[in-house]
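I have placed the structure first, in the form of structure tokens, so that the comments after it can refer back to it.
The values are calculated or read from the model by the stated rules, or taken from the named source; none is laboratory data. The model shown is predicted, which means the values in this text are computed figures rather than measured ones. Don't worry about glycine lacking a Cβ; one is built from the backbone with ideal geometry, like all the others, and counts go over all protein chains shown. Calculation scope for accessible area: heavy atoms of the full protein, side chains included, ligands and nucleic acids excluded. Shrake-Rupley method; radii C 1.70, N 1.55, O 1.52, S 1.80 Å.
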Amino acid sequence: SARMGLPALALLLAAGLLHTQASPSVRSFQLDYEHNCFRKDGAPFRYISGSIHYARVPRPAWRDRLLKMYMSGLSTVQVYIPWNYHETLPGVYDFTGNRDVEAFLDLTAELGLLVILRPGPYICAEWEMGGLPAWLLWKPDISLRTSNPAYLAAVDSWLHILLPKIKPRLYQQGGNIISVQVENEYGSYYACDYGYLRHLLGSFRALLGSEVLLFTTDSTRAEELRCGTLQGLYATVDFGPGSNLTEAFGAQRRVEPKGPLVNSEYYTGWLDYWGEAHASTSAAWVARGLEDMLQLGASINMQVVSWQRAQPPGEYMFHGGTNFAYWSGADYKDQYKPVTTSYDYDAPLSEAGDPTEKLFAIRTVISKFQPLPVGPMPPATPKYAYGWVALQKYAELLDVLDVLCPSGPIQSQFPLTFEALKQVHGFVVYHTQLPWDVPDPATLGTPPHSICDRGYVMLQKEYQGTLERDGQTTLHVTGRAGDTLDILLENMGRISFGANTSDFKGLLGNLSLNSRPLSNWLTYPLAIDTAVQQGWPHTALPKSSSGGRVGPAFYTGTFETPGLAWDTFVKFPGWSKGLLWINGFNLGRYWTRRGPQQTLFVPGSVLHVGLPNNITVLELEGAPPSPLLLFLDRPLYNRTLGYST
């Protein structure tokens, strides 16, 4: 009505405008093939992104790490979702605590960051089995990352749980997720199964809708782009500093003649394996390559990787974090190469979340292309050197099997694999007896590639030595008929990249004595973490333990914090190899003897103030004469110590 007057009309128009702005239907993130760019809400858009894995960062530190990424000038973060981190057993899901991916995504939105989501189902990421659940290998004749019906059924079941949590957080729905990757570097996998990619595309579209931008990522190799791309999925590439930009983006142009240039993984660091030198990359080199790409108008996600194309490209980080517990994966290049516990990888944000020279170099480059957020970079997290802590030997591992395997052993004629035992992580003990007298040294050994991954051998509970995948596979022993023979088998992490993702664990072939197979096995799947999380061995009665220092054994101790619980790093002087728990939290593997990593990161959120902090160590090969740990305020690395055991 004309009588409404201008003020009332203005209010109505404002209300309508606000309604329009709030309506999810007007939010868009699209490809502009004509102008070779992204368009966000209709305007040209270029993202500068960095990767972070919530599963490798303690939940209390999520905000700190994300805020530092935001203050670095990043508009976007790239996030993987590891399937096996959430569906721990078939149909058993965990989205609580550190696994609350919805809370993590909501925090990114709160801090003003956009998200590129990479939910797999395979993610690589140097993560245990590339994010695929090990229980998939329980299914006979399954073929991973293909159109195999058993595999697709498991994938569909998982996506129907996960993607409905994602849909409300899509940009078009009012959220901050601008694009979603389907699979990951599929072109590097042997299968080249287009039917599998088409199935995933159909599932993602059905569960996320028709508007969300779906994409793939592959290396610049023609063969990998041929097998890893599919019509309906925007093809992006990955490469690192030192690459020829014309050639690299030319590879993308061969499969996507139009559209934005995208490097989904700009590698800014180097990868560590156990037994190899700690590596680093030049901040100036990384910054120079970043600036060259930004001058081309490309969208970029920064990750950290060993840029040697003979190596798998992997998935690495702007901030890496830590492979706590058993989550580190492995690569296979001529031999099995397990990844270190530290996922620092010389990233712009260190393992403990500290800004590095590389971060400030990157920040300076970004400032040339867009304004930086107002305000200072948050400082490094406080660290504390809690000093020396004395431990005491609690028990030999073989003396506490009743606690670690309360259901008792499983009897079989020949050894059972982890998969046959439905054991996902950790350790299994294989027990038998010598069937005849062995007065002269006899060869105890396995067929090639049958120890997966390390076997600690005890005869009459006396440690004899270690058998290793792609390493030493025989020992010489003597004994009498009836003597006990035990092998503690350790899973060091399933292969996360390449054709052999079906990485079975345990004794895959029979153990033999002078080429005569041993039989009549008792197998103990160990639930060490369950016991430690329930307070063992600190709440248990003291055990009488032998004074020997070699072979698998548990050590315990306590320490108190001086009124604060700050991050720290623990060193293992004189120790060999094992795992560390503090207050029931599994901080991962140490391998002092092999290196390069010499300390484990201990987040302050794990520690108690005003109460004793309980330390449990499982040493696998040999403790020092005086079992001490040293808590420092910084990490330590060394050069490779070779493959001595």
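With an 8 Å cut-off on Cα pairs and a minimum separation of 6 or more residues, tell me the relative contact order of segment 41-367 in percent.
After rounding, I find 18 percent.
Residue-wise, which Karplus ³J(HN,Hα) couplings in Hz belong to segment 28-37, taking 6.51 cos²θ - 1.76 cosθ + 1.60, θ = phi - 60°, and x for glycine or proline?
So the Karplus estimates, Gly and Pro as x, are 8, 9, 9, 8, 10, 6, 6, 10, 6, 8 Hz.
Put a dot 7 Å past each Cα toward the Cβ at S282 and Q433; how far apart are the dots in nm?
Spacing of the two 7 Å Cα→Cβ label points: 6.7 nm.
Please compute one quarter of the surface area of the Cα convex hull for the chain and express it in square nanometres.
So the Cα hull casts an average projection of 32.6 nm².
Under the Kirkwood approximation for Rh and a Cα-based Rg, what ratio Rg/Rh is obtained for segment 322-474?
Rounded to two decimals, Rg over Rh is 1.14.
Under a plain spin-label model, where a point goes 7 Å from the Cα along Cα-to-Cβ, how far apart in nm are Q335 and K368?
4.3
Please report the spacing between the Cα centers of segment 509-572 and segment 398-473 in Å, no decimals.
Centre-to-centre distance over Cα atoms comes out at 16 Å.
Of all the C-alpha pairs in segment 41-367, what % are more than 26 Å from each other?
In whole percent, the long-distance tail amounts to 43.
In sequence order, what are the phi-derived ³J(HN,Hα) couplings for segment 475-480 according to the Karplus relation 6.51 cos²θ - 1.76 cosθ + 1.60 with θ = phi - 60°, rounded to whole Hz, with x for glycine and proline?
Residue by residue, segment 475-480 yields 9, 10, 9, 10, x, 10 Hz.
Please work out the Kirkwood hydrodynamic radius for segment 407-526, using every pair of different C-alpha atoms, and report it in angstroms with one decimal place.
For segment 407-526, inverting the mean 1/r across all distinct Cα pairs yields 14.4 Å.
With n ≥ 4 as the cut-off for DSSP H runs, can you work out [θ] at 222 nm for the chain, using -39500 (n - 2.57) per run divided by the number of residues, rounded to the nearest 500?
-6000 deg cm²/dmol
Taking the Cα centre as origin and putting +1 on Lys and Arg beta-carbons and -1 on Asp and Glu beta-carbons, what dipole magnitude results for the chain, to the nearest 20 debye?
So the magnitude is around 1080 debye.
Whose amide H sits under 5 Å from the amide H of G595, counting only residues 5 or more places off or on another chain, with H placed in the peptide plane?
For G595, whose amide H was placed from the backbone, the distant partners under 5 Å are G275.
Return, in residue-number order, each cysteine of the chain whose C-beta is not under 4.7 Å from any other cysteine's C-beta.
When partners are defined as cysteine Cβ atoms under 4.7 Å apart, the chain leaves C37, C124, C405, C452 without one.
Whole-Hz ³J(HN,Hα) for each residue in segment 589-597, computed from phi via Karplus 6.51 cos²θ - 1.76 cosθ + 1.60 with θ = phi - 60°, x for glycine and proline: what do you get?
For segment 589-597, the Karplus-derived couplings read 8, 10, 8, 4, 5, 9, x, x, 5 Hz, x marking Gly and Pro.
For N510 and D292, FRET efficiency with R0 = 35 Å and r from the beta-carbon atoms, rounded to 0.05?
According to the calculation, E is roughly 0.05.
Subtract the Cα-Cα distance of F414 and A390 from 0.36 nm times their separation in residues, and report this length gain in nm to one decimal.
4.5 nm
Toward the positive end of the charge dipole of segment 407-526, about the Cα centre and with charges on Cβ (Lys, Arg +1; Asp, Glu -1), which of L459, P448, Y430 goes farthest?
Of the options given, the answer is Y430.
Counting only the heavy atoms of the protein chains, how much of K165 is accessible to a 1.4 Å probe, in Å² to the nearest 10?
That residue has around 50 Å² of solvent-accessible surface.
State, as an integer percentage, the relative contact order of the chain based on alpha-carbon contacts under 8 Å between residues 6 or more apart.
14
Determine how large the accessible area of L271 is when every protein chain is in place; take a 1.4 Å probe and give Å² rounded to the nearest 10.
10
Measure up K358/K577; K543/K571; K68/K505; K337/K422; K383/K543 against 28 Å on the Cα-Cα distance and list the ones that go over.
Over 28 Å Cα-Cα: K358/K577; K68/K505; K383/K543.
Can you pull the percent of segment 41-367's accessible area that's carbon plus sulfur, 1.4 Å probe, other chains left in place?
Roughly 52 percent, rounded to a whole number.
Write down the accessible area per residue of the chain in Å², having rolled a 1.4 Å probe over the full set of protein chains.
Here the per-residue accessible area is 37 Å².
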